[in-house]
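Participant: Okay, here's the structure, questions in a sec.
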Amino acid sequence: MTIDDLRSTPYLVLDTDIAARQYRRLAKAFMGTPIMYAVKANPEPQLIQRLAEMGASFDVASPAEIDLCAKEGVEPERLSYGNTVKKAADIAYAYERGVRLFVFDSEAELEKLAEHAPDAMVFCRILASSDGARWPLSRKFGCAPEMAVSLLERAAALGLDPVGVSFHVGSQQLDPSRWEPSIAQAALVFEWLRQKGIHLRLLNVGGGFPVTYREPVAPIECYAAAIYGAVRRHFGAHVPEVAIEPGRYIAADAGVLRAQVVLVSQKSADDDHRWVYLDVGRFGGLAETEGEAIQYRMVTGYDGEPTGPVMLAGPTCDSVDIMYQHAGYQLPLSLRPGDYVDILGTGAYTVTYSSMGFNGFSPLPTFCLGGSSC
Ligand SMILES: *Cc1c(COP(=O)(O)O)cnc(C)c1O
């Protein structure tokens with residue numbers, strides 16, 4: 001990284017030491033349970049390498065993510081192909097590369113797995129409510145628990161190894177109690193299958209663990225306690241191994257996005273709301289500002305000085321390229337074009353969400369700090 005690189009905004013600075021700290025905190029709170037980092041949150045190779053050195057496993061969703069992990073020295077036994085929507089050729093590719101753990105949520109996907117990943121271990125993902133999540137996952141993934149039972153039974157009949165149940169309660173999930181309903185359903189699936197002589201062994205409670213943006217969140221220990229409490233209540237004497245799949249919790253705090261003010265303007269002389277246009281927006285990496293869902297903290301060189309209300313928008317000619325109109329953001333009155341705005345907590349779901357070059361604006365580059373590999 002050179003001084004010239006750092007003059008040309010926007011860019012993300014990613015500190016892998018902070019990601020490592022988040023990983024350690026999570027590992028401690030969850031008492032050594034397997035951690036499968038969701039690569040899509042931030043696939044920066046140095047981050048993957050750092051987490052791999054610390055013993056992480058990885059949740060991957062495509063051949064490219066498999067190759068990326070392999071390139072950083074991650075053995076295929078540490079990969080879980082967690083996408084429930086896979087092309088047959090991609091399943092075959094993963095299997096050929098040694099991946100033996102796959103997630104599915106439908107009969108058609110199970111047939112594909114039986115054909116292209118014979119004898120692999122499979123998880124069935126059940127539908128989970130995303131209530132309470134700032135970035136909900138809707139009903140795109142997962143099936144009803146009753147269907148999970150018949151599909152896992154069928155998996156065994158097809159020669160696959162049914163290992164367990166997974167779910168995801170929505171990203172940036174603020175409510176620690178939201179895991180319990182899905183844990184209760186998973187326990188029923190385990191029990192119904194036990195009665196049929198099929199013994200599942202792994203419960204994957206997904207990701208969703210929140211970080212601090214503008215609103216405070218409960219410490220991670222509260223989430224671990226709520227999840228383990230629910231597992232004990234619902235599984236009783238048959239407590240399974242628990243796995244987690246964090247993305248945001250590990251990567252978000254490790255990133256700071258440096259942007260520059262392009263324009264400060266007003267729509268009429270008597271309107272005290274300033275429009276602040278940055279050189280990064282919804283298409284340049286801040287996609288999660290859609291619906292003002294994720295509200296990032298921002299730092300400027302004028303902190304402590306008087307502030308006033310602002311609308312924040314990106315630099316493209318698309319009218320949806322507005323980050324915040326209703327969220328009540330305030331920025332210093334002194335803010336001028338050319339000033340930097342540092343957007344905090346931007347290590348997750350930014351770089352991978354930046355467009356290829358919409359309106360001629362480049363994808364967001366990353367500069368990495370921290371760790372032995374830098
Ligand atoms: C994206 C994703 C995760 C990570 O979710 P976070 O909310 O970032 O923790 C975990 N599991 C699966 C299957 C995912 O798709």
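Participant: Percent relative contact order of the range 216-359, based on C-alpha pairs within less than 8 angstrom and at least six residues apart?
Facilitator: Working: 250 pairs, mean separation 45.4, N = 144.
It comes to 32 percent, rounded to a whole number.
Participant: Diagonalise the Cα gyration tensor of the range 252-369 and give the resulting equivalent ellipsoid semi-axes, square root of 5 times each eigenvalue, largest first, whole Å.
Facilitator: On the way: eigenvalues 99, 54, 34 Å².
Each semi-axis is the square root of five times an eigenvalue, giving 22, 16, 13 Å.
Participant: Please report the relative contact order for the chain, taking Cα pairs under 8 Å with a sequence separation of at least 6, and give it as a percent rounded to a whole number.
Facilitator: 20 percent
Participant: Over the range 219-374, give the accessible area per residue in Å² for a 1.4 Å probe, as an integer.
Facilitator: Values: 6750 Å² over 156 residues.
Using a 1.4 Å probe on heavy atoms only, each residue of the range 219-374 averages 43 Å².
Participant: Sticking with this structure for a sec: In the range 174-252, which trypsin sites (Lys or Arg not before Pro) are in a loop and have at most 16 other Cβ atoms within 10 Å, using DSSP for the loop call?
Facilitator: Details: sites: Arg178, Arg194, Lys196, Arg201, Arg214, Arg232, Arg233, Arg248; in loops: Lys196, Arg201, Arg214.
Those that pass, being in a loop and sparsely packed, are Lys196, Arg201, Arg214.
Participant: Have a look at Gly338, Gly328, Gly304 and tell me which one the Gaussian network model of the chain (Cα, springs below 10 Å) gives the largest fluctuation.
Facilitator: Sorting by GNM fluctuation, first place goes to Gly304.
Participant: Okay, moving on. Run the accessible area of the chain with a 1.4 Å probe and give the carbon-and-sulfur part as a rounded percent. Don't skip to the end; give the middle numbers.
Facilitator: On the way: 8470 of 15740 Å².
Solvent-exposed carbon and sulfur of the chain make up 54 percent of the total.
Participant: Near Val320, within a Cβ-to-Cβ distance under 14 Å, what is the net charge of the other residues, with Lys and Arg +1 and Asp and Glu -1? Please list the in-between numbers first.
Facilitator: Working: positive: Arg282; negative: Glu288, Glu290, Glu292, Asp318, Asp321.
In short, -4.
Participant: Next question, about the same structure. Projecting each Cα onto the charge dipole of the chain (Lys/Arg +1, Asp/Glu -1 at the beta carbon, about the Cα centre), which of Ala184, Tyr329, Gln22 comes out farthest on the positive side?
Facilitator: Farthest along the dipole direction, towards plus: Ala184.
Participant: Now for a different question. Just to be sure I understand: with springs between alpha-carbon atoms less than 10 Å apart, which residue in Gln185, Gln330, Gln173 has the highest mean-square fluctuation in the Gaussian network model of the chain?
Facilitator: With Cα springs under 10 Å in the chain, the top fluctuation among Gln185, Gln330, Gln173 is at Gln330.
Participant: Still on this structure, I have one more. If you wrap a convex hull around the C-alpha atoms of the range 16-251 and split its volume per residue, what is the figure in Å³?
Facilitator: Values: hull volume 25.0 nm³, N = 236.
Spelled out: Cα convex hull of the range 16-251, divided by residues, is 106 Å³.
Participant: Turning to a different aspect of this structure: Over the range 112-175, average the accessible area per residue using a 1.4 Å probe and give it in Å², no decimals. Can you show the working numbers first?
Facilitator: On the way: 2510 Å² over 64 residues.
On a per-residue basis, 39 Å².
Participant: If you don't mind, another one. Would you mind checking Lys40/Lys86; Lys28/Lys86; Lys40/Lys87; Lys71/Lys140; Lys86/Lys196 for any pair whose Cα atoms are more than 24 angstrom apart?
Facilitator: Numbers: Lys40/Lys86 15 Å; Lys28/Lys86 33 Å; Lys40/Lys87 18 Å; Lys71/Lys140 31 Å; Lys86/Lys196 29 Å.
Where the Cα-Cα span goes over 24 Å, the pairs concerned are Lys28/Lys86; Lys71/Lys140; Lys86/Lys196.
The values are calculated or read from the model by the stated rules, or taken from the named source; none is laboratory data. Note that the coordinates shown come from a computational prediction; the quantities given were computed from them, not determined experimentally. Here Cβ is always computed from backbone atoms with ideal geometry, including for glycine, and neighbour counts include all displayed protein chains. What goes into the accessible areas is simple: the full protein's heavy atoms, side chains included, and nothing from ligands, DNA or RNA. Shrake-Rupley method; radii C 1.70, N 1.55, O 1.52, S 1.80 Å.
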